[in-house]
Amino acid sequence: MQPAYAQPRAAGDDWLQQSFSVEYTMPVVFTRDAFAPDNPHLRDLLALREPARRHRMVVFADSGVLAAQPDLARRIAAYAHANRENVELAGDVVAVPGGEACKNDPALVQGLLQILADRAIDRHSYALAIGGGAMLDAAGYAAAIFHRGVRHVRLPSTVLAQCDSGVGVKNAVNWHGQKNLLGTFSPPWGVVNDSLFIGTLPERERRAGMAEGVKVALIRDRAFFLALERDAAALAAGHADALADLIRRSAALHMRQIAHGGDPFERGSARPLDYGHWAAHKLERLSGHALSHGEAVAIGVALDARYSVLAGLLAEGEDLRIHRLLRALGFRLWHPQLLARGDHAALAVLDGVAEFRAHLGGDLSVTLLAAIGQGIEVDRIDNARVAQAIAWLQVLDGARPCA
Ligand SMILES: NC(=O)c1ccc[n+]([C@@H]2O[C@H](COP(=O)([O-])OP(=O)(O)OC[C@H]3O[C@@H](n4cnc5c(N)ncnc54)[C@H](O)[C@@H]3O)[C@@H](O)[C@H]2O)c1
Ligand SMILES: [Zn+2]
């Protein structure tokens, strides 16, 4: 839905009215082994607007990826050599620390900017970032502010980044202890989703990203949810075909929301892709980040499914079905911090609602479920119902020992 704005004033003596739009085209390529010398996709992506040129490119790679794939820098060099008519590497591959720590270190963005300057990256050359959502966020931010924005290509290397953050239009780093406080809306030049990278992910990371697939199926696509139910055992076991299907369908739904949801740069208040996230963001912090983002999202998704039933929006039993799917994927849907008490002995997780409202800038808009596959926006959350939903999670999963 288009956010509502006051009508622009008619041009007059005092106001010179101008209005323009900028069209973005952002290809997302699905492939395997993007750096095989004869794989055309990356080369073609770089050449989209200027096919006859030789394109300079600096490559930033997540240290976790480099550790898991020690031959990656060599493969990239061989790829560039084989495609030297079109691709020129601007120096060696740059290792960037992976994980959330890279978004917390103010010196890291400065270091990335220094490399962009040292390697003479200009507005016609490219910064390619290979990594998880955190490292892509930091590299994307540096690329977006250097020269007011240089061409940025993402190669997301986690399930979460391939099915959600990497195909989005945002980047950010944390600042003054606040998550994503500095960042831009800045669509990348293109995205290469390479299934090879999913193969080296630790099991925990692989699973965490699936929560975003379940989330987007729940708000937009019942058939996708049914497919996830069907494939749950294969997904939990890490079968490549099932994972590839989850990633592709989830990425397509995220992309559709951005392109056709009416608010790609989040100027209004609705955030349908943040279903389950008001509690998730709070739980991540309450757990001292023992819960990863995806693990917290799984809990938030189950909590808001039960809440939707308690609010009379979702049919009884559908919450249990959602819970069952998440459990089958291997998520634990309980954390003791769900019972933590904050100010005035209220449940600490409830602060997540106020923080979500503050993030939106005033008006609360939370997505709940009207059905599996159909999100619905509400403008208030009832504390007593949240407590009931937490009690439900505790009965179902609270007694199970940690995996
Ligand atoms: N920009 C957005 O729109 C958006 C949306 C959602 C989430 N995010 C951000 O994404 C981040 C979370 O991303 P994530 O879940 O991808 O985790 P992550 O980036 O923290 O990566 C997790 C770990 O996996 C390692 N790793 C990455 N790829 C690997 C591979 N192929 N093989 C082996 N190890 C690998 C990393 O080094 C890291 O240690 C958060 O910072 C979150 O804020 C951004
Ligand atoms: Zn998320």
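The values are calculated or read from the model by the stated rules, or taken from the named source; none is laboratory data. Computed from a predicted structure; not experimentally measured. Ideal geometry is used to build each Cβ from the backbone, glycine not excepted, and the neighbour counts take in all protein chains shown.
Would you say ALA244 is surrounded by fewer than 21 Cβ atoms within 10 Å (Cβ to Cβ), touching a residue at least 24 places away in the same chain (Cβ under 8 Å) and assigned by TED's automatic domain parsing to the domain that holds ILE376? Don't jump to the end; show me each part of the working.
Working: surrounded by fewer than 21 Cβ atoms within 10 Å (Cβ to Cβ): yes; touching a residue at least 24 places away in the same chain (Cβ under 8 Å): yes; assigned by TED's automatic domain parsing to the domain that holds ILE376: yes.
For ALA244, the condition - surrounded by fewer than 21 Cβ atoms within 10 Å (Cβ to Cβ), touching a residue at least 24 places away in the same chain (Cβ under 8 Å) and assigned by TED's automatic domain parsing to the domain that holds ILE376 - is met.
So which of ASP241, ASP194, ASP245 ends up being among the acidic types (Asp, Glu) and in contact with a strand residue (DSSP E or B) (Cβ under 7 Å, 6 or more places away or on another chain)? Even if it seems obvious, please write down each step before you answer.
Values: ASP241 fails: in contact with a strand residue (DSSP E or B) (Cβ under 7 Å, 6 or more places away or on another chain); ASP245 fails: in contact with a strand residue (DSSP E or B) (Cβ under 7 Å, 6 or more places away or on another chain).
None of the other options fit; the residue is ASP194.
Could you grab me the full set of residues in segment 132-149 that are more than 6 Å from ligand 1 (Cβ to nearest atom) and touching a strand residue (DSSP E or B) at 6+ places or on another chain (Cβ under 6 Å)?
At the first step, the residues of segment 132-149 found to be more than 6 Å from ligand 1 (Cβ to nearest atom) are 136, 138-149.
LEU136, ALA138, ALA139, GLY140, TYR141, ALA143, ALA144, listed by residue number.
Counting only residues that are of a type in the set (Gly, Ala, Ser) and touching a residue at least 40 places away in the same chain (Cβ under 8 Å), which one in segment 17-50 is nearest to HIS260 (Cα to Cα)? Talk me through it step by step, then tell me what you get.
Step one: list which residues in segment 17-50 are of a type in the set (Gly, Ala, Ser), which gives 19, 21, 34, 36, 47.
Then drop every residue that is not touching a residue at least 40 places away in the same chain (Cβ under 8 Å), which leaves 34, 36.
Details: ALA34: 29, ALA36: 34 Å.
Ranking the qualifying residues of segment 17-50, first place goes to ALA34.
Which ranges mark the helices (runs of 4 or more DSSP H) fully within segment 199-288 that have 1 or more residues being within 16 Å of ligand 2 (Cβ to nearest atom)? Break it down stepwise before answering.
Values: elements: 203-220, 222-236, 240-260, 277-286.
Those helices (runs of 4 or more DSSP H) span 203-220, 240-260, 277-286.
The conditions are (1) within 16 Å of ligand 2 (Cβ to nearest atom); (2) of a type in the set (A, V, I, L, M); (3) within 30 Å of ALA47 (Cα to Cα), and LEU196 fails exactly one of them. Which is it?
Among (1) within 16 Å of ligand 2 (Cβ to nearest atom); (2) of a type in the set (A, V, I, L, M); (3) within 30 Å of ALA47 (Cα to Cα), the lone unmet condition for LEU196 is (1).
If the Cβ limit is 6 Å and pairs must be 6+ apart or interchain, which residue in segment 85-114 that is without any contact (Cβ under 8 Å) to a residue 40 or more places away in the chain pairs with which residue that is surrounded by fewer than 15 Cβ atoms within 10 Å (Cβ to Cβ)?
Going by the 6 Å Cβ cut-off, the qualifying pairs are GLU88/ARG54.
Pairs, please: C-beta under 8 Å, at least 6 apart or cross-chain, first residue without any contact (Cβ under 8 Å) to a residue 24 or more places away in the chain and in segment 324-348, second assigned to a strand (DSSP E or B) and buried (at least 17 other Cβ atoms within 10 Å of the Cβ)?
Within 8 Å, the pairs are ARG341/LEU347.
Can you say whether LEU291 is among the aliphatic types (A, V, I, L, M) and in a helix (DSSP H, G or I), as far as the supplied structure shows? Walk me through how you get there before you give the answer.
On the way: among the aliphatic types (A, V, I, L, M): yes; in a helix (DSSP H, G or I): no.
No; evaluated as a whole, the condition is false for this residue.
Please go through segment 257-299 and pick out each residue that is within 14 Å of the chain's Cα centre (by Cα), more than 13 Å from ALA208 (Cβ to Cβ) and of a type in the set (D, E, K, R).
ARG271, ASP274
How many residues does segment 355-403 hold that are within 21 Å of the chain's Cα centre (by Cα), of a type in the set (A, V, I, L, M) and assigned to a helix (DSSP H, G or I)?
Of the residues in that region, 2 qualify.
Does segment 220-234 include one or more residues that are within 16 Å of the chain's Cα centre (by Cα) and closer than 29 Å to ALA144 by Cβ? Give the steps one after another, and end with the answer.
So the first thing to find is which residues in segment 220-234 are within 16 Å of the chain's Cα centre (by Cα), and the list is none.
There is no residue in segment 220-234 that is within 16 Å of the chain's Cα centre (by Cα) and closer than 29 Å to ALA144 by Cβ.
Looking for whichever is within 11 Å of ligand 1 (Cβ to nearest atom) and more than 15 Å from ALA161 (Cβ to Cβ) here; the options are GLU205, GLU229, GLU266. Which one fits? First the steps, then the outcome.
Values: GLU205 fails: more than 15 Å from ALA161 (Cβ to Cβ); GLU229 fails: within 11 Å of ligand 1 (Cβ to nearest atom).
Exactly one of GLU205, GLU229, GLU266 is within 11 Å of ligand 1 (Cβ to nearest atom) and more than 15 Å from ALA161 (Cβ to Cβ), namely GLU266.
When you go through (1) over 13 Å from ASN193 (Cα atoms); (2) of a type in the set (S, T, N, Q); (3) not in a strand (DSSP E or B) one by one for GLN162, which number turns out not to apply?
In the conditions (1) over 13 Å from ASN193 (Cα atoms); (2) of a type in the set (S, T, N, Q); (3) not in a strand (DSSP E or B), GLN162 misses (1) alone.
Give the residues of segment 165-198 that are of a type in the set (Ser, Thr, Tyr), outside any loop (DSSP other than H, G, I, E, B) and either more than 8 Å from ligand 1 (Cβ to nearest atom) or touching a residue at least 60 places away in the same chain (Cβ under 8 Å) (or both), sorted by residue number.
Residues satisfying the conditions are THR184, SER195.
Looking at (1) surrounded by 15 or more Cβ atoms within 10 Å (Cβ to Cβ); (2) out of contact with any helix residue (DSSP H, G or I) (no Cβ under 9 Å at 6 or more places or on another chain), find the lone condition where ALA251 falls short.
It is condition (2) that ALA251 fails.
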